[in-house]
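Below is one structure, written out as structure tokens; comments come after it.
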Amino acid sequence: MSEPGPAPGPAEPAFGVEAEPAFGEADLANCERERIHLAGSIQPHGLLLLVREPDHVVIQASANAAALLGLDAVLGQRLRDLGGDLAAAVLPRTLEALDAGLTTMRVTAGAEGRAFDAMLHRPAGGGLMVELEPAQPPHDIARRVETALQAFLSCYALRQLCEEAARVFRDIGGHDRVMVYRFADEGHGEVFAEQRRADLESYLGNRYPASDIPQVARRLYEKNRLRVVADVHYEPVMLEPRLNPLTGDELDLSLSMLRSVSPMHVQYLKNMGVGATMVASVMVGGRLWGLVACHHETPRRPPLAVRAAAELLAEALGTRIAALESFVQAQAELSVRRLEQRLVEAISREGDWRAALFDSPATLLHPLGATGAVLLFEGQVQTLGEVPATPHLRALGDWLDAQPRGLVQTHSLRQEAPGLDAITPVAAGILAVPISASSGEYLVWMRPEQQRTLIWGGDPTKPVEISEDGLRTLAPRRSFAKWHQLVEGSAEPWSAKDVATARLIGDSVADVVIQFRSVRLLIAEDQLAQVRRQVAVSEQPVLICDARGAIALVNDAFDRLLPGLRGARPRRIEELAPFFAHPAEIRRRLHELVENRQSWSGELRLADDDAEAGRPMLVRADPVFSSPDRILGFVLLFNDLGERKAADAARRRFQDVIAESHRTRAGWLDRHADMVFQGILASLVENAQLAALEIAEGVEVGRMPEMLESVRASVARTTEVLEMLARQLGAEKPQPWDDA
Ligand code: BL8
């Protein structure tokens with residue numbers, strides 16, 4: 001095999017190590033960037049012409065062109081000088097853009113007017129590229145394509161669809177082996193479906209490392225959807241002149257059907273025992289999803305109709321995969337919408353959404369194929385299914401906090417977070433979405449560790465070999481023997497669909513959380529307003545401060561108690577100390593209250609310079625906790641001991657008065673009235689004393705003297721009335737002994 005030499009073109013860098021290696025110059029270090037589209041040569045089963053526009057003169061051609069056309073020369077000739085109906089067939093098409101896919105037609109050309117399949121396009125850099133391949137007998141496969149399309153449409157599962165595709169491609173192309181080769185997110189690929197000649201070894205399920213198909217090739221295959229290597233033992237045919245006269249650079253063969261394939265890849269195929277290939281790109285959602293790779297042991301040049309059918313079917317396959325994927329996605333979206341609805345309903349019905357989210361594995365686990373789920377929310381941990389112990393879950397939350405914000409997924413947590421290795425058996429794989437802007441709030445799905453054996457189609461750690469020539473040139477590996485890799489410490493990887501579903505559920509729950517918090521905020525604000533009103537109108541002086549001792553609220557009664565405060569407006573409770581006698585002591589108490597959360601109840605007096613100096617007061621100061629370790633703030637209640645003392649005095653006076661009236665009036669009644677009046681008096685006194693008791697219990701201290709006084713007055717009045725009554729009755733009543 002004679003390889004095309006390096007091209008000393010103007011675009012060629014002096015030292016090509018970090019730069020893009022020229023075609024055929026790549027080694028493992030830089031083959032990712034090999035300029036495979038600038039091959040400078042074609043495969044020999046056809047010929048290539050670059051035609052200048054608008055005069056349609058051939059300015060570059062493959063070295064085999066003249067011979068294949070039976071002409072002396074093609075360079076400098078016009079299309080119409082090349083015989084047959086070539087010019088007549090091609091020129092009308094030049095009104096089209098011809099810059100994307102290939103345009104094909106059947107033509108005759110050359111000295112003998114041979115039939116060719118012609119492919120037209122305008123390459124980057126200008127001119128018209130005409131590729132001709134000797135025509136093959138007509139091959140009517142339209143009906144087969146039609147049934148194939150119907151078959152695709154009746155497949156509702158990816159695996160089934162891909163198996164059908166492999167069958168259809170093998171039927172149409174007649175290759176020994178057809179593989180649907182699917183790329184993973186990490187770049188490696190897997191033989192996902194296969195049809196093969198019965199005597200061939202199966203490659204189904206084999207994985208191949210990402211480096212087997214370089215990125216540069218993958219990008220090319222997104223543009224050029226079908227490639228053929230008719231015979232891996234071909235000798236490349238050089239272009240003449242080597243450089244494109246229009247650009248002075250290599251001719252861009254990206255869309256060429258005849259482009260010579262990278263020698264690295266050719267060697268790879270030879271090592272694999274492959275004689276010919278036809279490979280179609282499977283595009284899904286604008287990305288190269290995979291390839292349909294057809295291998296034949298012996299040379300094989302599929303007719304143009306077969307290639308057209310293959311390209312069409314690959315397109316249809318990609319569309320069908322996209323449909324299946326979006327069907328799955330739509331199903332997921334629908335069920336997430338339903339879930340969101342349920343959560344919102346739960347908020348209005350039960351005041352919370354969490355139970356509804358965690359009510360069944362079908363809701364939370366099955367859609368993602370997870371075995372456990374955890375909600376970290378507002379410091380609490382809620383779980384479903386198989387999950388690690390709570391301390392581990394909190395540690396997981398801390399680790400998530402340290403990751404870049406957003407969805408976090410791994411199928412081998414131990415690799416990302418060695419500190420969390422202990423939970424590998426239950427949670428080797430995690431998929432976490434933040435559900436609020438606060439740290440530590442996540443919804444996490446888990447999968448257990450699964451020991452698996454990956455089968456590679458050759459040792460993935462040795463994708464190349466060093467050739468025996470001693471020059472240390474790298475060559476594709478020769479051994480494709482199955483290579484078993486035992487994978488431990490990892491879970492079944494999350495699929496793109498799982499991730500998408502998790503994202504949907506996460507977004508949904510985040511919305512619900514905002515709604516939930518808004519509802520709570522409204523309720524809390526309403527309650528707060530009510531409480532504020534109640535505290536504000538209370539006659540008892542109240543001061544409320546936050547957890548750090550900043551004064552949040554004082555009511556009017558407090559303002560009345562310490563009129564000196566009005567001008568000062570202290571911000572922190574320690575600043576109250578100067579308003580009281582013994583400020584140092586007060587400051588110490590307040591400090592202990594805030595710092596040590598130590599309740600304080602005791603007597604104090606206003607400072608001397610205050611108008612009401614010396615008035616005694618009782619204070620009760622208590623911390624308020626929302627949970628054992630979380631403090632909301634402090635409440636300080638003041639009781640004017642002056643008032644209390646006045647009340648005590650009033651009660652004492654009341655008792656005295658009652659006793660006194662009892663003694664004087666009742667004494668008289670005792671002596672002068674009968675049993676009936678005495679009974680009435682006893683009830684009156686008892687009633688008054690009960691009233692006094694209730695007043696002392698239930699009425700504010702400030703109003704007590706007044707109330708007791710009114711009871712006392714009423715008792716006094718009734719007793720007077722009673723006495724009067726008794727006197728009158730007694731006066732009117734004939735006294736037997738008076739008359740006696
Ligand atoms: O010119 C081209 O289109 C070929 C592009 C190509 C290159 C340059 C390589 C290079 C390498 C690496 C060189 C440094 C070396 C480590 C290696 O193994 N390959 C290329 N590979 C292509 C390629 C293609 C696409 C062919 C096409 O679409 O026309 C495939 C399918 C593969 N390499 C690899 C495979 C694999 C993994 C299987 C498994 C069954 C297979 O049949 N071909």
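One table, with the values for the structure above:
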| quantity | calculated |
| --- | --- |
| Listed peptides 395-404, 105-114 by packing density, highest first (mean Cβ within 10 Å) | 105-114, 395-404 |
| Amide H within-cut-off set for ALA428, under 5 Å, with H built and near neighbours excluded | ARG447, GLU449 |
| Net charge over other residues, Cβ less than 15 angstrom from the Cβ of ASP85 (K, R count +1; D, E count -1) | +2 |
| C-alpha center-to-center spacing [the stretch 23-92, the stretch 493-567] in angstrom | 77 |
| Probe 1.4 Å - accessible area at SER495, Å² to nearest ten | 50 |
| Cα-projected label distance for ARG80 with ASN271, points at 7 Å along beta-carbon direction, nm | 5.3 |
| Normalised contact order of the stretch 539-640, rounded percent, pairs of Cα under 8 Å and 6 or more residues apart | 28 |
| Vicinal HN-Hα couplings computed from phi for the stretch 299-314 (Karplus, 6.51 cos²θ - 1.76 cosθ + 1.60; Hz; Gly/Pro x) | x, 7, 10, x, x, 4, 4, 5, 5, 5, 5, 4, 5, 5, 5, 5 |
| Gap separating the Cα centres of the stretch 124-143 and the stretch 250-274, nearest whole Å | 19 |
| Charge tally in the Cβ shell below 10 Å around SER254, where Lys, Arg are +1 and Asp, Glu are -1, SER254 excluded | +2 |
| Neighbourhood charge, 12 Å Cβ-Cβ cut-off, centred on ALA395 and excluding it, Lys, Arg +1 and Asp, Glu -1 | -2 |
| The stretch 409-435 versus the stretch 330-389: alpha-carbon centroid distance in Å | 20 |
| Protein-only accessible surface order, largest first, of GLU333, GLU595 at 1.4 Å | GLU595, GLU333 |
| Coil-residue trypsin sites (Lys or Arg not before Pro) of the stretch 143-200, DSSP, other Cβ within 10 Å capped at 15 | ARG197 |
| Average accessible surface area per residue within the stretch 539-640, 1.4 Å rolling probe, Å² | 53 |
| Heavy atoms of LEU71 accessible to a 1.4 Å probe, total area in Å² rounded to 10 | 40 |
| Under-5 Å amide H pairs with PHE580, H placed in peptide plane, nonlocal only | ALA607 |
| Scattering profile of the stretch 106-225 at q = 0.15 Å⁻¹ [log10 I(q)/I(0), Debye over alpha-carbon scatterers] | -0.99 |
| 5 Å-binned pair-distance histogram of the stretch 539-640 (Cα, whole percent) | 3, 13, 25, 29, 19, 8, 3, 1, 0 |
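The values are calculated or read from the model by the stated rules, or taken from the named source; none is laboratory data. Note that this is a predicted model, so its numbers are computed, not measured. Counting neighbours? That spans all protein chains shown, and the Cβs are built from the backbone with ideal geometry, glycine included. Note: areas computed on protein heavy atoms with side chains; ligands, DNA, RNA excluded. Shrake-Rupley method; radii C 1.70, N 1.55, O 1.52, S 1.80 Å.
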